[in-house]
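*Asks:* Quick one: the structure is below, questions incoming.
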Number of protein chains: 2
Amino acid sequence: MKGNCLVAQSGGPSSAINASLCGVYQEMVKSADVGTVYGGINGIQGIMEEKLLELPPILNQGEHIRILAQTPASSLGSCRFKLKSPEEKPEEYARIFEVFDKYQIRYFIYIGGNDSMDTVYRLNEYAKSTGRPMQIMGVPKTIDNDLVGTDHTPGFGSCAKYIATTVQEAAQDNMVYDMDSVFVVEAMGRDAGWIALSTALARDREGNPQCDLIYTPETPFSTEKFLADLSAIREKKRFQVVVVSEGVKDANGVYLSDTGETDAFGHKMLRGAGAVVAEMIRKNLGIKVRDSELSILQRCAVHCSSATDLLESEELGKQAARGALEGVSGRMSSITRLSDEPYRIEYGFVDVCDVANAVKTVPDDYFNEARNHASEKGLRYLRPLITGTKDRIEENGLPVFLNLAAIYHRSNSF
Amino acid sequence: MKGNCLVAQSGGPSSAINASLCGVYQEMVKSADVGTVYGGINGIQGIMEEKLLELPPILNQGEHIRILAQTPASSLGSCRFKLKSPEEKPEEYARIFEVFDKYQIRYFIYIGGNDSMDTVYRLNEYAKSTGRPMQIMGVPKTIDNDLVGTDHTPGFGSCAKYIATTVQEAAQDNMVYDMDSVFVVEAMGRDAGWIALSTALARDREGNPQCDLIYTPETPFSTEKFLADLSAIREKKRFQVVVVSEGVKDANGVYLSDTGETDAFGHKMLRGAGAVVAEMIRKNLGIKVRDSELSILQRCAVHCSSATDLLESEELGKQAARGALEGVSGRMSSITRLSDEPYRIEYGFVDVCDVANAVKTVPDDYFNEARNHASEKGLRYLRPLITGTKDRIEENGLPVFLNLAAIYHRSNSF
């Protein structure tokens, strides 16, 4: 049955989320069953405000599709809106489906993380209960790699490649002077340590790790153990790199970043976990320490993205679109790994209700015994995800981006 | 007259300093006048400790030269050692020339910034006064771009490309949600605002700046003016990126942030100007702010280096080597710009005594009238420096590096 397609993005952005959008678009726009393809601006929240952009007039122009695929962060804009149940908020469902009806949306594809899969689940259930012939599908996305039901998530590989490259480079810088020196990097990851763990990939040509110690939320952090770990490394080498997940907690579940300090006005002083660890080293060992908080850069550094990640992200978009066109609904496209080396995967689907609101932390056996680095099994899992570098379109030495939300706002303002 | 060559690196590292080393090496190793080429480990400080590494056995292997050229940070190691006068420290001069004599050094090439050019000047004067037939030359290097006597410095273009790319990407991330948001980036630059100013290059496809406000040490910082600047921008757009040099000071010359620590040269160690500005916005405007301190990453992010910069860095190394072989001494290789567009330069020499200890700040007319962004003249100067992307050798998805200091230490330990 002919109808239109609506695709939107939700949750934290990534370097690969627009590659998935390109995948959805390319598959949908060529189908005889699809009238047109709309992009929803700022996710489900913008859809309720009827912020829809017709994509073919923009994406069928020149190199726009290729430029979109190399644009970091949600080009359609995003939201952090969590849908309540239809019993709690009937008016939200009424509004969403009013917009769907008005634009004759038959296929709704939502690209996002576990909260977004909850939205897909709820909308799909509601569509079924109201007898609407719709296909509502999810495409996974999160740099955090913490979604269940898929071997890994789009955006993670690029984030891992960027942060491992950064550690590889910073390790060189950290050892230039004839003096002991530690460099501390704070990695994103509130509940899971995947990003921090990926810095275990950084190696010199002899295979020695360039990141010496890695601390993640999976293991309670102990200052005593950390200082002992660092001292043990210092007996063997003078220059260390330490990586800490932002979400590292102590044995009582207190975040490391929660220093308990207050400023002159009594306001809680918030510092990054990395800064706290740097201060710990300075105080206890009196050696030179530098730290860096990459902040959002690790999720938008598309200039250092993994070609494997971008390709898979696009394929997962296509997979969800093909599923929808074949009548599948309420599912998320996903990856199953068949082998690490050679790296082989297959694309499939999982029920969104299995993905929604769940978190996949790093398995125990991906850590070494001391739980401050990756095990060989962990490395085998991580290695294929960061391979390949994609050529990019540059102008005047800088990458070129396509921001669909900005185009929407320009054409709809004043 | 036949003799050996010694090349060493000094001061803060950069992405391009090893390209200069490759240039020196390639020119020297092919000359019939040169016996062998040594690398001095950890600059003049390591030379006094007789830490010399014979380079041909390493650099003539396979792709080692190409790998060295793509290695960030001083591969030979660096130092922050400032030579006193021969009257003050005669033993240091005696020791350095004892090592020079022992290794039959006829050509000494020192790659570094203004402090390093002071070393070149002093050693050259001493060599002359003692009647030694030596050629002692400098090759410019600093991400800060604050050396006089050369249009720009090796390492700056790559740093500028990295930070402008980062701003270009972060601006995309900063605008994904339907809420006002500011992203603050702290750029290196104690005395000069070149690095911060280079973020003016980041543009969207319509030519709009992606960095809205830039504050550098050249202009006294006023909180009132900054908040007024930001409010004026906020009337026109919802998402802002602000860049601040680490060395920004107020009208009384007080650094925006000052830890009180000093380095070996007595320079104040600064950090946190970006964090201070972020806090200023949070307190006064109550909007969402994120900040990032790139720290050393901006000087070692060779994965995002400028091909123009790397090529020029290598050429400046070759230029200094060729000069030395032709009998020139006490000079630094340098760049004169002939035109901005098309970009044309020529290589030459300047007297190191003109370069030593001087600082070139950003000229007034490179700023806009409000002194919070670049002028068109500033942009014309900056544009050609970040062009081109160099292919790199990767293994397992990560760049491959060659650390000569590590090779020296492995072969000389225990």
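The values are calculated or read from the model by the stated rules, or taken from the named source; none is laboratory data. Quick caveat, the model's predicted, so the values are computed rather than measured. A quick note on method: Cβ atoms are made from the backbone with ideal geometry, for glycine too, and the neighbour counts reach across all protein chains shown.
*Asks:* For the stretch A:25-44, what are the residues that are more than 14 Å from chain B (Cβ to nearest Cβ) and polar (S, T, N, Q)?
*Replies:* Keep residues of the stretch A:25-44 that are more than 14 Å from chain B (Cβ to nearest Cβ), which gives A:25-38.
Residues satisfying the conditions are A:Q26, A:S31, A:T36.
For (1) among the charged types (D, E, K, R); (2) surrounded by fewer than 21 Cβ atoms within 10 Å (Cβ to Cβ); (3) over 20 Å from A:G131 (Cβ atoms), each residue gets a yes or a no:
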site	(1), (2), (3)
A:S74	no, no, yes
A:C79	no, no, yes
A:K84	yes, yes, yes
A:P90	no, yes, no
A:A94	no, yes, no
A:F100	no, no, no
A:Y103	no, yes, no
A:I109	no, no, yes
A:G113	no, no, yes
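*Asks:* Restricting attention to the stretch B:45-65, which residues are surrounded by 15 or more Cβ atoms within 10 Å (Cβ to Cβ) and either assigned to a helix (DSSP H, G or I) or within 14 Å of another protein chain (Cβ to nearest Cβ) (or both)? Break it down stepwise before answering.
*Replies:* Restricting attention to the stretch B:45-65, the residues satisfying the condition of being surrounded by 15 or more Cβ atoms within 10 Å (Cβ to Cβ) are B:45-48, B:51-53, B:55, B:58-59, B:64-65.
Once the filter is applied, which keeps residues that are surrounded by 15 or more Cβ atoms within 10 Å (Cβ to Cβ) and either assigned to a helix (DSSP H, G or I) or within 14 Å of another protein chain (Cβ to nearest Cβ) (or both), the stretch B:45-65 yields B:Q45, B:G46, B:I47, B:M48, B:K51, B:I58, B:L59, B:H64, B:I65.
*Asks:* Now for a separate question. Could you please find all residues in the stretch B:354-381 being among the hydrophobic types (A, V, I, L, M, F, W, C) and surrounded by fewer than 19 Cβ atoms within 10 Å (Cβ to Cβ)? I'd like the intermediate steps shown before the answer.
*Replies:* So the first thing to find is which residues in the stretch B:354-381 are among the hydrophobic types (A, V, I, L, M, F, W, C), and the list is B:355-356, B:358-359, B:362, B:367, B:370, B:374, B:379.
Answer for the stretch B:354-381, where residues must be among the hydrophobic types (A, V, I, L, M, F, W, C) and surrounded by fewer than 19 Cβ atoms within 10 Å (Cβ to Cβ): B:A358, B:V359, B:A370.
*Asks:* Can you run down the residue pairs with Cβ atoms below 8 Å, 6 or more apart or on separate chains, where the first is in the stretch A:227-252 and more than 17 Å from A:R290 (Cβ to Cβ) and touching a residue at least 60 places away in the same chain (Cβ under 8 Å) and the partner is charged (D, E, K, R) and not in a loop (DSSP other than H, G, I, E, B)?
*Replies:* A:E246/A:E186
Residue-by-condition table, conditions (1) at pLDDT below 95; (2) away from every other protein chain (no Cβ under 14 Å); (3) within 30 Å of B:V400 (Cα to Cα):
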position: B:Q70; (1), (2), (3): no, no, yes
position: B:G112; (1), (2), (3): no, no, yes
position: B:D118; (1), (2), (3): no, yes, no
position: B:K141; (1), (2), (3): no, no, yes
position: B:D144; (1), (2), (3): no, yes, yes
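*Asks:* Also: Do you know which residues across the stretch A:84-97 are of a type outside the set (G, A, S), farther than 15 Å from A:L52 by Cα and outside any loop (DSSP other than H, G, I, E, B)? Show your work before the answer.
*Replies:* To start, the set of residues in the stretch A:84-97 that are of a type outside the set (G, A, S) comprises A:84, A:86-93, A:95-97.
Keeping just the survivors that are farther than 15 Å from A:L52 by Cα gives A:84, A:86-93.
A:P90, A:E91, A:E92, A:Y93, listed by residue number.
*Asks:* Need the failing condition index for B:D212 against (1) more than 12 Å from chain A (Cβ to nearest Cβ); (2) out of contact with any helix residue (DSSP H, G or I) (no Cβ under 6 Å at 6 or more places or on another chain); (3) within 19 Å of A:A406 (Cβ to Cβ), just the number.
*Replies:* Failing condition for B:D212: (2).
*Asks:* Hey, another quick one. Kindly evaluate B:P217 against the criterion of being surrounded by 13 or more Cβ atoms within 10 Å (Cβ to Cβ) and over 28 Å from A:A405 (Cβ atoms).
*Replies:* Working: surrounded by 13 or more Cβ atoms within 10 Å (Cβ to Cβ): yes; over 28 Å from A:A405 (Cβ atoms): yes.
Yes.
*Asks:* Show me the strands (runs of 3 or more DSSP E) found entirely inside the stretch A:237-317 where at least 3 residues are modelled with pLDDT of 90 or more and more than 30 Å from A:S20 (Cα to Cα).
*Replies:* Values: elements: A:239-245, A:258-262, A:268-270, A:288-293.
Counting at least 3 such residues, we get A:239-245, A:288-293.
*Asks:* Now a separate question. I'd like the full set of residues that are facing chain A (nearest Cβ under 10 Å) and either touching an Asp or Glu at 6+ places or on another chain (Cβ under 6 Å) or of a type in the set (G, A, S) (or both), limited to the stretch B:277-298.
*Replies:* Selection gives B:S292, B:E293, B:S295, B:I296.
*Asks:* Right, another one. Restricting attention to the stretch A:336-368, which residues are touching a Pro at 6+ places or on another chain (Cβ under 8 Å) and closer than 30 Å to B:N396 by Cα?
*Replies:* Looking only at the stretch A:336-368, we keep the residues that are touching a Pro at 6+ places or on another chain (Cβ under 8 Å), and these are A:340-341, A:343, A:355, A:361.
Within the stretch A:336-368, A:D340, A:E341, A:Y343, A:T361 meet the criteria.
Per-residue answers, yes or no, for (1) more than 9 Å from chain B (Cβ to nearest Cβ); (2) surrounded by fewer than 24 Cβ atoms within 10 Å (Cβ to Cβ):
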position	(1), (2)
A:V148	yes, yes
A:T153	yes, no
A:K161	no, no
A:V167	yes, no
A:A170	no, no
A:D180	yes, yes
A:E186	yes, no
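*Asks:* Hand me the list of helices (runs of 4 or more DSSP H) wholly inside the stretch B:319-414 holding 1 or more residues that are of a type in the set (V, I, T), in contact with a Cys (Cβ under 9 Å, 6 or more places away or on another chain) and within 11 Å of another protein chain (Cβ to nearest Cβ).
*Replies:* Details: elements: B:352-355, B:376-382, B:404-412.
Output list is empty.
*Asks:* Hey, another quick one. Restricting to the stretch B:299-318, what's the tally of residues that are within 14 Å of another protein chain (Cβ to nearest Cβ) and surrounded by fewer than 24 Cβ atoms within 10 Å (Cβ to Cβ)?
*Replies:* Qualifying residue count, the stretch B:299-318: 3.
*Asks:* Being part of a strand (DSSP E or B) and of a type in the set (A, V, I, L, M) is the filter here, so list the residues in the stretch B:193-213 that pass it. Break it down into steps so the answer makes sense when it comes.
*Replies:* Residues of the stretch B:193-213 part of a strand (DSSP E or B): B:203, B:209, B:213.
Within the stretch B:193-213, B:L213 is the sole residue that qualifies.
*Asks:* Follow-up. Taking A:E92 as the residue in question, decide whether it is touching a helix residue (DSSP H, G or I) at 6+ places or on another chain (Cβ under 8 Å), of a type in the set (D, E) and either touching a residue at least 12 places away in the same chain (Cβ under 8 Å) or more than 14 Å from chain B (Cβ to nearest Cβ) (or both).
*Replies:* Values: touching a helix residue (DSSP H, G or I) at 6+ places or on another chain (Cβ under 8 Å): yes; of a type in the set (D, E): yes; either touching a residue at least 12 places away in the same chain (Cβ under 8 Å) or more than 14 Å from chain B (Cβ to nearest Cβ) (or both): yes.
Considered against the rule, which asks whether it is touching a helix residue (DSSP H, G or I) at 6+ places or on another chain (Cβ under 8 Å), of a type in the set (D, E) and either touching a residue at least 12 places away in the same chain (Cβ under 8 Å) or more than 14 Å from chain B (Cβ to nearest Cβ) (or both), A:E92 comes out as yes.
*Asks:* Okay, moving on. Based on what the data block shows, is B:D144 under 20 Å from B:I195 (Cβ atoms) and surrounded by fewer than 24 Cβ atoms within 10 Å (Cβ to Cβ)? Quick ask: steps written out before the conclusion?
*Replies:* Numbers: under 20 Å from B:I195 (Cβ atoms): yes; surrounded by fewer than 24 Cβ atoms within 10 Å (Cβ to Cβ): no.
No.
*Asks:* Out of all the residues in the stretch B:48-82, which are within 12 Å of A:D178 (Cβ to Cβ) and hydrophobic (A, V, I, L, M, F, W, C)?
*Replies:* Taking the stretch B:48-82 as the starting set, the residues that turn out to be within 12 Å of A:D178 (Cβ to Cβ) are B:48-49, B:51, B:74, B:76-81.
Across the stretch B:48-82, the qualifying residues are B:M48, B:L76, B:C79, B:F81.
*Asks:* Does B:E206 qualify as being modelled with pLDDT under 95, within 11 Å of another protein chain (Cβ to nearest Cβ) and farther than 21 Å from B:V276 by Cα?
*Replies:* Working: modelled with pLDDT under 95: yes; within 11 Å of another protein chain (Cβ to nearest Cβ): yes; farther than 21 Å from B:V276 by Cα: yes.
It is true that B:E206 is modelled with pLDDT under 95, within 11 Å of another protein chain (Cβ to nearest Cβ) and farther than 21 Å from B:V276 by Cα.
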